[in-house]
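Everything below concerns the one structure shown next.
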Amino acid sequence: MAKENDNGNLEKMLLQFISEPDPIFSLLKWLLEKLMEIEAANKVGAQKGSHSTGRSTHFSGYRPRRFDTRLGTLYLLVPKLRKGGYIPFFVTEKKRSEQALIQVVQEAFINGVSTRKIEKLAMSLGIENISASQVSEINKGLDEQVDEFRYRSLDSEYPVIWVDALYEKIRYNGRVRNMAVMVVSGVNSQGFKEILAVEPMQEESESTYTELFRSLKARGFKNAWLCVSDAHLGLQAAIRKELIGCSWQRCKIHFMRNILSHLPARDKEAVAGRIKQIWNQPNSQSAREYAYRIIEEFEEQFPKSMTCLEDGLEDSLQYYEFSEIDSRKTASTNQLERLNREIRRRSRVVGIFPSIDSYLRLVCCYLIEYSEDWASGKRYISEKSIDEQRIKLGQAA
(Lines give C-alpha, C1' and ligand atoms only; values in the text may rest on other atoms or scores of the structure.)
Protein backbone atom coordinates (compact mmCIF):
# COMPACT_ATOMS: atom_id res chain seq x y z
CA MET A 1 0.00 0.00 0.00
CA ALA A 2 2.81 2.39 0.90
CA LYS A 3 4.50 1.68 -2.42
CA GLU A 4 1.28 2.50 -4.30
CA ASN A 5 0.97 5.81 -2.40
CA ASP A 6 4.57 6.71 -3.25
CA ASN A 7 3.98 5.96 -6.92
CA GLY A 8 0.83 8.10 -6.87
CA ASN A 9 2.63 11.04 -5.29
CA LEU A 10 5.46 10.76 -7.80
CA GLU A 11 2.97 10.69 -10.67
CA LYS A 12 1.22 13.84 -9.39
CA MET A 13 4.55 15.64 -9.04
CA LEU A 14 5.65 14.70 -12.56
CA LEU A 15 2.34 15.86 -13.98
CA GLN A 16 3.03 19.31 -12.45
CA PHE A 17 6.34 19.52 -14.30
CA ILE A 18 4.77 18.50 -17.60
CA SER A 19 2.82 21.75 -17.60
CA GLU A 20 6.07 23.77 -17.39
CA PRO A 21 7.57 25.33 -20.58
CA ASP A 22 10.65 23.12 -20.15
CA PRO A 23 9.69 20.11 -17.96
CA ILE A 24 13.19 18.57 -17.74
CA PHE A 25 14.78 21.91 -16.85
CA SER A 26 12.17 22.55 -14.11
CA LEU A 27 12.59 19.02 -12.77
CA LEU A 28 16.37 19.48 -12.57
CA LYS A 29 15.99 22.75 -10.65
CA TRP A 30 13.56 21.13 -8.18
CA LEU A 31 15.88 18.14 -7.71
CA LEU A 32 18.93 20.31 -7.00
CA GLU A 33 16.99 22.38 -4.47
CA LYS A 34 15.90 19.22 -2.66
CA LEU A 35 19.45 17.88 -2.67
CA MET A 36 20.74 21.14 -1.16
CA GLU A 37 18.00 21.07 1.45
CA ILE A 38 18.91 17.53 2.53
CA GLU A 39 22.68 18.10 2.43
CA ALA A 40 22.52 21.37 4.39
CA ALA A 41 20.18 19.85 7.00
CA ASN A 42 22.63 16.98 7.53
CA LYS A 43 25.48 19.44 8.00
CA VAL A 44 23.47 21.54 10.47
CA GLY A 45 22.15 18.50 12.29
CA ALA A 46 18.51 19.61 12.08
CA GLN A 47 15.85 20.55 9.57
CA LYS A 48 15.29 24.25 8.87
CA GLY A 49 12.91 25.73 11.46
CA SER A 50 13.03 22.71 13.77
CA HIS A 51 14.47 22.52 17.28
CA SER A 52 17.24 20.03 17.99
CA THR A 53 19.87 19.64 20.71
CA GLY A 54 22.17 17.90 18.25
CA ARG A 55 22.55 20.80 15.79
CA SER A 56 26.08 22.08 15.11
CA THR A 57 25.08 25.47 13.67
CA HIS A 58 22.05 27.37 12.31
CA PHE A 59 20.67 28.38 8.94
CA SER A 60 21.24 32.02 8.00
CA GLY A 61 19.21 32.76 4.90
CA TYR A 62 20.24 32.11 1.32
CA ARG A 63 22.70 33.38 -1.29
CA PRO A 64 21.96 33.32 -5.02
CA ARG A 65 24.33 31.28 -7.13
CA ARG A 66 24.52 30.86 -10.88
CA PHE A 67 24.95 27.26 -12.04
CA ASP A 68 25.51 26.51 -15.74
CA THR A 69 24.26 23.16 -17.02
CA ARG A 70 23.82 21.64 -20.47
CA LEU A 71 20.10 22.31 -20.14
CA GLY A 72 20.68 26.00 -19.44
CA THR A 73 21.65 28.38 -16.65
CA LEU A 74 20.04 27.86 -13.25
CA TYR A 75 19.88 30.48 -10.50
CA LEU A 76 19.82 28.58 -7.23
CA LEU A 77 19.23 29.80 -3.68
CA VAL A 78 22.02 28.12 -1.73
CA PRO A 79 21.43 27.83 2.06
CA LYS A 80 23.84 29.88 4.17
CA LEU A 81 25.08 28.62 7.53
CA ARG A 82 26.26 30.78 10.41
CA LYS A 83 29.39 28.69 10.90
CA GLY A 84 31.20 26.20 8.72
CA GLY A 85 30.07 27.39 5.31
CA TYR A 86 28.21 25.29 2.78
CA ILE A 87 28.92 24.52 -0.87
CA PRO A 88 26.61 22.03 -2.64
CA PHE A 89 28.39 18.84 -3.59
CA PHE A 90 27.29 19.09 -7.22
CA VAL A 91 29.12 22.42 -7.74
CA THR A 92 32.33 21.56 -5.89
CA GLU A 93 33.93 20.03 -8.96
CA LYS A 94 33.08 23.13 -11.00
CA LYS A 95 34.26 25.51 -8.30
CA ARG A 96 37.85 25.95 -9.50
CA SER A 97 37.00 26.37 -13.17
CA GLU A 98 34.17 28.75 -12.35
CA GLN A 99 36.41 30.88 -10.14
CA ALA A 100 39.07 30.90 -12.86
CA LEU A 101 36.50 32.16 -15.35
CA ILE A 102 35.32 34.88 -13.00
CA GLN A 103 38.93 35.94 -12.36
CA VAL A 104 39.66 36.17 -16.08
CA VAL A 105 36.52 38.24 -16.61
CA GLN A 106 37.15 40.32 -13.52
CA GLU A 107 40.81 41.02 -14.28
CA ALA A 108 39.85 42.15 -17.77
CA PHE A 109 37.07 44.29 -16.36
CA ILE A 110 39.23 46.06 -13.78
CA ASN A 111 41.81 46.82 -16.46
CA GLY A 112 39.23 48.91 -18.28
CA VAL A 113 38.29 46.35 -20.93
CA SER A 114 34.72 46.82 -22.14
CA THR A 115 32.16 44.10 -21.55
CA ARG A 116 31.90 43.59 -25.32
CA LYS A 117 35.64 42.92 -25.53
CA ILE A 118 35.44 40.61 -22.54
CA GLU A 119 32.87 38.56 -24.45
CA LYS A 120 35.38 38.20 -27.30
CA LEU A 121 38.11 37.30 -24.81
CA ALA A 122 35.92 34.55 -23.35
CA MET A 123 35.21 33.14 -26.81
CA SER A 124 38.93 33.08 -27.62
CA LEU A 125 39.38 30.94 -24.50
CA GLY A 126 36.75 28.54 -25.72
CA ILE A 127 34.01 29.92 -23.45
CA GLU A 128 31.00 30.46 -25.65
CA ASN A 129 28.15 30.79 -23.16
CA ILE A 130 29.02 34.17 -21.69
CA SER A 131 27.56 37.44 -22.94
CA ALA A 132 28.10 41.13 -22.23
CA SER A 133 25.01 41.20 -19.98
CA GLN A 134 26.26 38.16 -18.06
CA VAL A 135 29.63 39.86 -17.49
CA SER A 136 27.84 42.86 -15.97
CA GLU A 137 25.77 40.49 -13.82
CA ILE A 138 28.93 38.74 -12.59
CA ASN A 139 30.44 42.05 -11.49
CA LYS A 140 27.23 43.06 -9.74
CA GLY A 141 27.10 39.74 -7.92
CA LEU A 142 30.74 40.04 -6.87
CA ASP A 143 30.17 43.49 -5.37
CA GLU A 144 27.30 42.14 -3.29
CA GLN A 145 29.45 39.29 -1.99
CA VAL A 146 32.34 41.64 -1.21
CA ASP A 147 30.11 44.03 0.77
CA GLU A 148 28.54 41.17 2.68
CA PHE A 149 32.01 39.83 3.53
CA ARG A 150 33.54 43.17 4.54
CA TYR A 151 30.63 44.42 6.65
CA ARG A 152 29.46 41.18 8.26
CA SER A 153 28.96 41.06 12.04
CA LEU A 154 31.92 39.93 14.13
CA ASP A 155 32.21 38.11 17.43
CA SER A 156 32.72 40.33 20.45
CA GLU A 157 35.97 38.62 21.44
CA TYR A 158 38.88 37.14 19.52
CA PRO A 159 41.66 35.52 21.59
CA VAL A 160 44.39 36.48 19.08
CA ILE A 161 44.41 38.93 16.18
CA TRP A 162 47.18 39.70 13.67
CA VAL A 163 47.51 43.09 11.97
CA ASP A 164 49.72 43.98 9.01
CA ALA A 165 49.75 46.26 5.98
CA LEU A 166 50.82 45.77 2.39
CA TYR A 167 51.20 48.39 -0.33
CA GLU A 168 49.44 48.25 -3.69
CA LYS A 169 49.36 50.58 -6.72
CA ILE A 170 45.82 51.92 -7.00
CA ARG A 171 44.54 54.81 -9.10
CA TYR A 172 42.92 57.43 -6.89
CA ASN A 173 41.61 60.81 -8.08
CA GLY A 174 43.35 60.33 -11.41
CA ARG A 175 46.75 59.54 -9.88
CA VAL A 176 48.44 56.19 -9.30
CA ARG A 177 49.32 55.97 -5.62
CA ASN A 178 50.94 53.41 -3.35
CA MET A 179 48.10 52.80 -0.91
CA ALA A 180 48.35 50.98 2.39
CA VAL A 181 46.01 47.99 2.52
CA MET A 182 45.49 46.96 6.13
CA VAL A 183 44.67 43.32 6.73
CA VAL A 184 43.41 41.93 10.04
CA SER A 185 42.97 38.23 10.75
CA GLY A 186 41.99 36.57 13.99
CA VAL A 187 41.15 33.35 15.77
CA ASN A 188 37.65 33.11 17.21
CA SER A 189 36.67 31.45 20.49
CA GLN A 190 36.18 28.11 18.71
CA GLY A 191 39.76 28.21 17.38
CA PHE A 192 38.97 28.88 13.70
CA LYS A 193 40.81 31.56 11.73
CA GLU A 194 38.87 34.44 10.23
CA ILE A 195 39.74 37.40 8.02
CA LEU A 196 38.29 40.33 9.93
CA ALA A 197 39.15 43.27 7.68
CA VAL A 198 40.70 44.33 4.37
CA GLU A 199 40.85 48.14 4.37
CA PRO A 200 42.70 50.31 1.83
CA MET A 201 43.92 53.55 3.41
CA GLN A 202 45.70 56.65 2.12
CA GLU A 203 48.57 56.11 4.54
CA GLU A 204 49.75 53.94 7.40
CA SER A 205 49.38 56.13 10.50
CA GLU A 206 47.85 56.29 13.97
CA SER A 207 44.67 57.89 12.62
CA THR A 208 44.15 55.23 9.93
CA TYR A 209 44.78 52.36 12.35
CA THR A 210 42.44 54.00 14.85
CA GLU A 211 39.78 54.18 12.14
CA LEU A 212 40.44 50.50 11.33
CA PHE A 213 39.86 49.35 14.92
CA ARG A 214 36.77 51.53 15.27
CA SER A 215 35.30 50.00 12.13
CA LEU A 216 35.82 46.56 13.67
CA LYS A 217 34.04 47.69 16.83
CA ALA A 218 31.13 49.02 14.78
CA ARG A 219 30.67 45.45 13.50
CA GLY A 220 30.51 43.94 17.01
CA PHE A 221 34.18 43.40 17.88
CA LYS A 222 35.07 44.55 21.41
CA ASN A 223 38.52 43.30 22.25
CA ALA A 224 41.25 40.67 21.91
CA TRP A 225 43.61 39.06 24.37
CA LEU A 226 46.71 39.42 22.22
CA CYS A 227 47.44 41.56 19.16
CA VAL A 228 50.45 40.53 17.04
CA SER A 229 52.00 43.06 14.65
CA ASP A 230 55.17 44.87 13.66
CA ALA A 231 56.38 47.91 15.60
CA HIS A 232 54.82 50.67 13.51
CA LEU A 233 54.48 53.60 15.91
CA GLY A 234 51.02 54.60 14.68
CA LEU A 235 49.76 51.04 15.08
CA GLN A 236 51.17 50.82 18.60
CA ALA A 237 49.42 54.06 19.57
CA ALA A 238 46.10 52.87 18.09
CA ILE A 239 46.34 49.56 19.97
CA ARG A 240 46.92 51.38 23.27
CA LYS A 241 43.92 53.66 22.72
CA GLU A 242 41.40 51.33 21.10
CA LEU A 243 42.29 47.87 22.44
CA ILE A 244 42.39 48.61 26.16
CA GLY A 245 43.39 45.52 28.13
CA CYS A 246 44.85 43.79 25.08
CA SER A 247 48.51 42.69 25.20
CA TRP A 248 50.72 43.62 22.26
CA GLN A 249 53.17 41.08 20.85
CA ARG A 250 55.88 42.55 18.67
CA CYS A 251 56.46 40.15 15.77
CA LYS A 252 59.78 38.45 16.48
CA ILE A 253 60.56 38.15 12.75
CA HIS A 254 60.15 41.88 12.12
CA PHE A 255 62.05 42.57 15.35
CA MET A 256 64.93 40.39 14.19
CA ARG A 257 65.10 42.31 10.91
CA ASN A 258 65.19 45.60 12.81
CA ILE A 259 68.11 44.38 14.94
CA LEU A 260 70.08 42.96 12.00
CA SER A 261 69.65 46.14 9.95
CA HIS A 262 72.31 47.78 12.17
CA LEU A 263 74.86 44.99 11.64
CA PRO A 264 77.57 44.68 8.98
CA ALA A 265 76.71 42.04 6.36
CA ARG A 266 79.63 39.82 7.36
CA ASP A 267 78.39 39.51 10.95
CA LYS A 268 74.66 39.11 10.40
CA GLU A 269 74.53 35.34 10.08
CA ALA A 270 76.56 34.62 13.20
CA VAL A 271 74.75 37.15 15.41
CA ALA A 272 71.34 36.15 14.04
CA GLY A 273 71.97 32.54 15.09
CA ARG A 274 72.57 33.71 18.65
CA ILE A 275 69.62 36.10 18.79
CA LYS A 276 67.15 33.49 17.52
CA GLN A 277 67.77 31.43 20.61
CA ILE A 278 66.14 34.12 22.76
CA TRP A 279 62.68 33.00 21.61
CA ASN A 280 63.49 29.31 21.98
CA GLN A 281 63.88 29.52 25.75
CA PRO A 282 61.39 27.60 27.95
CA ASN A 283 60.01 30.71 29.70
CA SER A 284 60.17 34.49 29.64
CA GLN A 285 62.65 34.74 32.51
CA SER A 286 65.14 32.47 30.74
CA ALA A 287 64.63 34.45 27.53
CA ARG A 288 65.41 37.73 29.32
CA GLU A 289 68.54 36.33 30.95
CA TYR A 290 69.80 34.92 27.66
CA ALA A 291 69.08 38.22 25.86
CA TYR A 292 70.97 40.26 28.46
CA ARG A 293 74.01 37.99 28.08
CA ILE A 294 73.97 38.67 24.32
CA ILE A 295 73.61 42.41 24.92
CA GLU A 296 76.54 42.38 27.34
CA GLU A 297 78.65 40.40 24.87
CA PHE A 298 78.02 42.58 21.80
CA GLU A 299 77.11 46.04 23.11
CA GLU A 300 80.57 47.51 22.48
CA GLN A 301 80.94 45.95 19.03
CA PHE A 302 77.37 46.60 17.82
CA PRO A 303 75.89 49.32 20.06
CA LYS A 304 72.91 50.24 17.81
CA SER A 305 71.79 46.63 17.36
CA MET A 306 72.02 45.89 21.06
CA THR A 307 70.14 49.09 21.96
CA CYS A 308 67.40 48.03 19.55
CA LEU A 309 67.28 44.56 21.14
CA GLU A 310 67.13 45.94 24.67
CA ASP A 311 64.42 48.51 23.88
CA GLY A 312 62.10 46.05 22.15
CA LEU A 313 62.84 42.89 24.11
CA GLU A 314 59.89 43.00 26.52
CA ASP A 315 57.31 43.54 23.77
CA SER A 316 58.70 40.55 21.86
CA LEU A 317 58.20 38.22 24.85
CA GLN A 318 54.50 38.76 25.53
CA TYR A 319 53.50 35.47 23.94
CA TYR A 320 55.08 33.65 26.90
CA GLU A 321 52.16 34.90 29.01
CA PHE A 322 49.85 32.91 26.69
CA SER A 323 51.58 29.61 27.29
CA GLU A 324 48.44 27.51 26.70
CA ILE A 325 48.48 28.58 23.04
CA ASP A 326 51.13 27.31 20.61
CA SER A 327 53.87 29.96 20.61
CA ARG A 328 54.67 29.29 16.94
CA LYS A 329 51.31 30.87 16.12
CA THR A 330 51.45 33.85 18.48
CA ALA A 331 55.09 35.00 18.39
CA SER A 332 55.01 36.41 14.86
CA THR A 333 52.79 37.53 12.00
CA ASN A 334 53.92 34.62 9.81
CA GLN A 335 50.41 33.33 9.15
CA LEU A 336 49.31 36.79 8.00
CA GLU A 337 52.48 37.24 5.93
CA ARG A 338 51.58 34.05 4.05
CA LEU A 339 48.12 35.43 3.39
CA ASN A 340 49.59 38.72 2.15
CA ARG A 341 51.84 36.83 -0.26
CA GLU A 342 48.77 35.13 -1.70
CA ILE A 343 47.08 38.52 -2.08
CA ARG A 344 50.13 39.91 -3.90
CA ARG A 345 50.24 36.88 -6.16
CA ARG A 346 46.73 37.75 -7.34
CA SER A 347 47.18 41.51 -7.48
CA ARG A 348 50.47 41.24 -9.37
CA VAL A 349 48.52 39.98 -12.40
CA VAL A 350 46.74 43.33 -12.61
CA GLY A 351 49.63 45.62 -11.67
CA ILE A 352 47.89 48.98 -11.31
CA PHE A 353 44.27 48.89 -10.17
CA PRO A 354 41.96 51.49 -11.74
CA SER A 355 40.07 52.06 -8.48
CA ILE A 356 39.81 51.00 -4.84
CA ASP A 357 36.58 49.13 -5.60
CA SER A 358 38.26 47.06 -8.31
CA TYR A 359 41.03 46.08 -5.90
CA LEU A 360 38.60 45.05 -3.18
CA ARG A 361 36.48 43.14 -5.68
CA LEU A 362 39.34 40.94 -6.86
CA VAL A 363 41.12 40.42 -3.54
CA CYS A 364 38.04 39.92 -1.35
CA CYS A 365 36.52 37.36 -3.72
CA TYR A 366 39.70 35.36 -3.32
CA LEU A 367 39.73 35.79 0.46
CA ILE A 368 36.10 34.68 0.73
CA GLU A 369 37.18 31.29 -0.60
CA TYR A 370 40.01 31.23 1.96
CA SER A 371 37.56 32.01 4.76
CA GLU A 372 35.17 29.25 3.73
CA ASP A 373 38.03 26.75 3.70
CA TRP A 374 39.15 27.86 7.16
CA ALA A 375 35.62 27.68 8.58
CA SER A 376 35.11 24.13 7.32
CA GLY A 377 38.68 22.91 7.96
CA LYS A 378 40.78 22.20 11.03
CA ARG A 379 40.95 24.55 13.99
CA TYR A 380 44.03 26.79 13.93
CA ILE A 381 44.16 26.72 17.74
CA SER A 382 42.41 23.99 19.72
CA GLU A 383 39.29 25.02 21.61
CA LYS A 384 40.71 23.32 24.71
CA SER A 385 43.82 25.54 24.61
CA ILE A 386 41.65 28.65 24.33
CA ASP A 387 39.49 27.59 27.28
CA GLU A 388 42.55 26.83 29.42
CA GLN A 389 44.09 30.19 28.50
CA ARG A 390 40.83 31.95 29.39
CA ILE A 391 40.91 30.34 32.85
CA LYS A 392 44.57 31.33 33.29
CA LEU A 393 43.85 34.95 32.32
CA GLY A 394 40.91 35.02 34.72
CA GLN A 395 43.09 33.80 37.55
CA ALA A 396 45.77 36.37 36.74
CA ALA A 397 43.20 39.15 36.77
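The values are calculated or read from the model by the stated rules, or taken from the named source; none is laboratory data. The structure displayed is predicted, hence computed values, not measured ones. A quick note on method: Cβ atoms are made from the backbone with ideal geometry, for glycine too, and the neighbour counts reach across all protein chains shown. Areas reflect the complete protein model, heavy atoms only, side chains present, ligands, DNA and RNA absent. Shrake-Rupley method; radii C 1.70, N 1.55, O 1.52, S 1.80 Å.
Some values worked out for this structure:
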item	result
Leading residue by the ranking (modelled with the highest pLDDT) among those in the range 333-357 that are over 17 Å from the mean Cα position of the chain (by Cα) and either open to solvent by less than 50 Å² (accessible area, probe 1.4 Å) or on the phi > 0 side of the Ramachandran plot (or both)	356
Criterion: within 20 Å of the chain's Cα centre (by Cα), surrounded by 16 or more Cβ atoms within 10 Å (Cβ to Cβ) and not β-branched (Val, Ile, Thr) - qualifying residue of 371, 385, 316	371
Residues located in the range 315-333, provided they are in a helix (DSSP H, G or I) and in contact with a strand residue (DSSP E or B) (Cβ under 9 Å, 6 or more places away or on another chain)	315, 316, 317, 318, 319, 321, 322, 329, 330
Residues satisfying the stated conditions in the range 206-228, i.e. open to solvent by 20 Å² or more (accessible area, probe 1.4 Å) and assigned to a loop (DSSP other than H, G, I, E, B)	219, 220, 222
Criterion violated by residue 302 - all others in (1) out of contact with any Gly (no Cβ under 7 Å at 6 or more places or on another chain); (2) closer than 22 Å to residue 321 by Cβ; (3) touching a residue at least 40 places away in the same chain (Cβ under 8 Å) satisfied	(2)
Selection count, the range 37-61, where residues are part of a loop (DSSP other than H, G, I, E, B) and of a type outside the set (D, E, K, R)	12
Residue 167 being under 19 Å from the mean Cα position of the chain (by Cα), over 14 Å from residue 156 (Cα atoms) and open to solvent by 40 Å² or more (accessible area, probe 1.4 Å)	yes
Qualifying positions in the range 8-32 - open to solvent by 90 Å² or more (accessible area, probe 1.4 Å) and modelled with pLDDT under 70	9
Qualifying residue in the range 360-367 (condition: exposed (fewer than 15 other Cβ atoms within 10 Å of the Cβ), assigned to a helix (DSSP H, G or I) and out of contact with any strand residue (DSSP E or B) (no Cβ under 7 Å at 6 or more places or on another chain))	no
Subset of the range 150-164 (residues that are outside any loop (DSSP other than H, G, I, E, B) and open to solvent by 20 Å² or more (accessible area, probe 1.4 Å))	150, 157
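Residue-by-condition table, conditions (1) free of Cβ contacts under 8 Å to residues at least 24 places away in the same chain; (2) within 23 Å of residue 82 (Cα to Cα):
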{"site": "195", "(1), (2)": "no, yes"}
{"site": "207", "(1), (2)": "no, no"}
{"site": "211", "(1), (2)": "yes, no"}
{"site": "217", "(1), (2)": "no, yes"}
{"site": "220", "(1), (2)": "no, yes"}
{"site": "224", "(1), (2)": "no, yes"}
{"site": "229", "(1), (2)": "no, no"}
{"site": "232", "(1), (2)": "no, no"}
